[in-house]
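Structure record follows, encoded as structure tokens.
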Amino acid sequence: MIEIRGLCKYYGSVKAIDGLDLTVKSGEIFGLLGPNGAGKTTTVRILTTLSRPTAGKVFINGFEVTRQAMQVKKEIGVVPQHFNLDLELSAWENLELHGRLHKIPSKVRSKRIEELLDFVELGDRAHSPVEHFSGGMKRRLMIARALMHNPKILFLDEPTVGLDPQVRRRLWDLIRNLNRRGITILLTTHYIEEAEILCHRVGILDRGRLIALGTPEELKAKVGRFVVEVRDGDETKYRVFGDRDQALRFAATLADDVVIRESNLEDVFIELTGHRVGGSDA
Amino acid sequence: MRDTYTIIWRELLLLRKKLLRFFASSLVSPLLFLTAFGWGLGRSIQFGGTSYLEFVVPGILAMSAMNSSYNATGMSLNISRLYFKTLEEFLVAPISTWSLTLGNVLGGCLRGLLSSVVILVLAHLYGACLHCDLWFFVALFLTCFLFSALGLVAAMVINSHEDMARFSTFVILPMSFLCGTFFQVDRFPPVVAKIVQVLPLTHSAISLRMIALEAGFPLVSLLVLAAYAVFFFWLGYWVTLRVE
Ligand SMILES: Nc1ncnc2c1ncn2[C@@H]1O[C@H](COP(=O)(O)OP(=O)(O)OP(=O)(O)O)[C@@H](O)[C@H]1O
Ligand SMILES: [Mg+2]
């Protein structure tokens, strides 16, 4: 379980996180959603002991992240936003380093490395240098690495950024599989459909504040189930309605170029933040 | 201790992969200095009873021990922190900051010692007869350790590669030439000599030279080196604890 209480992180005058309260339950896949600069990475870095909060408290399975960092580190696995593998080492050696850092006995370690490399389908590349891996392979290796020490909570910061659709789907399956094995997952994303498909609950972060929290269904219900898209010159305008009739009536008052459809998380997002999600292909 | 070893294990793994490159790059400048100052000048000049070659080799050794340990830790850690972000892998691991600091410092120290040993061998080939006892290696170890720790401090607090290079130009490079490496410090005007005598490399050069030429036991200089080593290590611990 992750408990965040009144968390703030300031960089000078920039309020990267501004009073965040949030609880992530054990066993769920929680998605932290938000545009560029919303504070997702900053949040993850604080939860994973890499950065210290300006104010507020965070508990990971009951351990406080600043005072009990050592216990926290044993509970969690971290897959950061950027690739931070040792490029000069092979896939195997990267995992071995991680295993050694977590003091996994060498017999168990080798077995675990083999298992995990198979699990992320990199078994045949075990001994090639990571330097030549593709983005998807690196991401999978980073996930394998984060799983080496059997963490109870896994943090994934934008795990599918820059991956092609097939690879993304495979990663989603992988994440669901891990969750079925009992691992709590907190992931950040600015791909709306990713959150919608994958997450049990999502929180929307904007300028360091949590502006919405709930299951994707709840959030969609809250802003309205139906959307009318209106072409207005070069711009598309959106209006959200609670039921179909309202939407139809509104559409009837307009002349041309209207589309009525069911709302999705992206509409929730735009409705709440007033701007589109970052990422050109979101 | 085990965690410290893990960090050194990685260092050894990397070293083994690029051993040739490592030696090639760390040996070029000492070789040039040996050739120019030692061989070119050294054979003809006598210097207080010994040949200049024998005088200058401990200085060159001190200088290159400093350079290679400082660079090994400073450059690789700075890049790992700012560019490859591989430092994070160590920061999220359940290891103590002490082990992390010690592992990093010893890793760079090891590289410094390795290249020093090769230079010693080369110097003998050039015809310098040096007395290398245990204390000689103690002085060498302290030198490598303290400059590796200084490299760590720089790597953790300096936030760009350019500033890293600048720090090296303003701090490491002047020391290379001024700290009694190529000539005795007492040749300077008294004020300059006083300043230079505070710098750690001066004491590395003095220690190594006195032991190598059997000119007495450099107790004070060794103590100064040890003090610097402890201080930089502690500073390194302190900045590692705060790095984000
Ligand atoms: N080390 C830092 N120094 C100063 N400001 C920072 C630092 N790290 C983050 N910030 C600022 O904090 C805010 C939140 O950044 P953060 O990286 O958490 O956003 P994000 O939601 O992860 O965005 P993205 O989708 O682009 O990854 C931004 O305004 C950023 O400029
Ligand atoms: Mg981010």
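In this calculation the C-beta distance from A:M1 to B:I79 is compared with R0 = 35 Å, giving a FRET efficiency of 0.40.
Positive-end ranking of B:L100, B:Y126, B:L150 along the dipole of segment B:2-243, with charges on Cβ about the Cα centre, is headed by B:L100.
Straight-line cross-link reach from A:K9 at under 26 Å between alpha-carbon atoms covers these lysines, not counting any fewer than eight positions away in the same chain: A:K25, A:K40, A:K57, A:K73, A:K74, A:K152, B:K85.
If I build a Gaussian network model for chain A, linking alpha-carbon pairs within less than 10 angstrom, which residue out of A:V65, A:V161, A:V259 has the largest mean-square fluctuation? So, out of A:V65, A:V161, A:V259, the one fluctuating most is A:V259. Taking a ≥ b ≥ c as the square roots of the Cα gyration tensor eigenvalues, segment A:219-273 comes out oblate, since a/c reaches at least 1.5 and a/b does not exceed b/c.
Note on B:Y5 and A:N150: with the Förster distance fixed at 22 Å, the Cβ-Cβ geometry gives a FRET efficiency of about 0.45.
Rounded to whole numbers, the Karplus 3J(HN,Hα) couplings from phi for segment B:17-26 are 5, 9, 4, 4, 4, 4, 5, 4, 6, 7 Hz, using 6.51 cos²θ - 1.76 cosθ + 1.60 with θ = phi - 60°, and x at Gly and Pro. Dividing the summed -39500 (n - 2.57) terms of all DSSP H runs of n ≥ 4 by the residue count of the protein assembly as shown sets its mean residue ellipticity at 222 nm at -17000 deg cm²/dmol.
Counting, for every residue in B:82-92, the Cβ atoms of other protein chains within 10 Å of its Cβ and taking the mean gives 6. A prolate overall shape is assigned to chain A, the ratio a/c of its alpha-carbon gyration tensor axes (a ≥ b ≥ c) being 1.5 or greater and a/b exceeding b/c. Partners of B:K18 within straight-line reach, counting aspartates and glutamates whose Cα lies under 13 Å from its Cα and excluding those fewer than 8 residues away in the same chain: A:E88. Other residues whose C-beta falls under 13 angstrom from the C-beta of B:A212 contribute a net charge of -2, scoring Lys and Arg +1 and Asp and Glu -1. In chain A, with Lys and Arg counted as +1 and Asp and Glu as -1 at Cβ, which of these residues, A:P105, A:L47, A:L186, has the Cα nearest the positive end of the dipole, that is, farthest along it? Final value for the positive-end residue is A:P105.
Which Cα, out of A:M70, A:I197, A:G274, lies furthest along the positive dipole direction of chain A (beta carbon charges, K/R +1, D/E -1)? Result: A:M70. Averaged over peptide B:169-177, how many Cβ atoms belonging to another chain are found within 10 Å of each residue's Cβ? Per residue, the average neighbour count from other chains is 0. Computed about its Cα centre, the charge dipole of segment B:2-243 is approximately 380 debye, with only Lys, Arg, Asp and Glu carrying charge at their Cβ. For B:F188 and B:V230, the difference between the fully extended length at 0.36 nm per residue and the C-alpha to C-alpha distance is 12.2 nm. Of the DSSP beta bridges with both residues in the protein assembly as shown, give the percent that are antiparallel, rounding to the nearest 5. If I count the DSSP bridges inside the protein assembly as shown, around 65 percent turn out antiparallel.
Prolate is the label for chain B, because the ratio a/c of its alpha-carbon gyration tensor axes (a ≥ b ≥ c) is 1.5 or higher and a/b is greater than b/c.
Per-residue mean of foreign Cβ neighbours for A:85-91 is 4 (Cβ atoms of other chains, 10 Å radius).
For B:V153, the shell of other residues with beta-carbons less than 14 Å away shows a net charge of +1, using +1 for Lys and Arg and -1 for Asp and Glu.
How many angstrom lie between the Cα centre of segment A:49-92 and the Cα centre of segment B:179-244? When both Cα centres are located, 39 Å separates them.
In terms of overall dimensions, the protein assembly as shown has a Cα radius of gyration and Dmax of 29.5, 107 angstrom. For the options B:L82, B:L61, B:L201, a Gaussian network treatment of chain B with springs between C-alpha atoms closer than 10 Å singles out B:L82 as fluctuating the most. Taking label points 7 Å from Cα along the Cα-to-Cβ direction, B:L19 and A:I260 give a separation of 7.7 nm. Computed over chain B with a Gaussian network model linking Cα atoms closer than 10 Å, the most mobile of B:T35, B:T202, B:T181 is B:T35.
Placing pseudo-labels 7 Å out from each Cα toward the beta carbon at B:N159 and A:I211 gives an inter-label distance of 2.8 nm.
The packing ranking, built from the mean of other Cβ atoms within 10 Å per residue, places the peptides A:24-35, B:130-141 in the order A:24-35, B:130-141, highest first. Working ranking of peptides B:162-175, A:205-218 by packing, defined as the average number of other Cβ atoms within 10 Å per residue, highest first, is A:205-218, B:162-175. Each residue, A:E114 and B:W39, gets one label point 7 Å from its Cα in the Cβ direction; the gap between the two is 5.4 nm.
Computing FRET efficiency as 1/(1 + (r/R0)^6) for B:V243 and A:S134, where r is the C-beta to C-beta distance and R0 is 30 Å, gives about 0.45. Comparing Cα centroids, segment B:53-123 and segment A:213-265 end up 62 angstrom apart.
Values in this text are rule-based calculations from the coordinates and carry no lab data. This structure is a prediction, so every number in the text was calculated from the model and none was measured. Backbone-built Cβ (ideal geometry, glycine too); neighbour counts: all protein chains shown.
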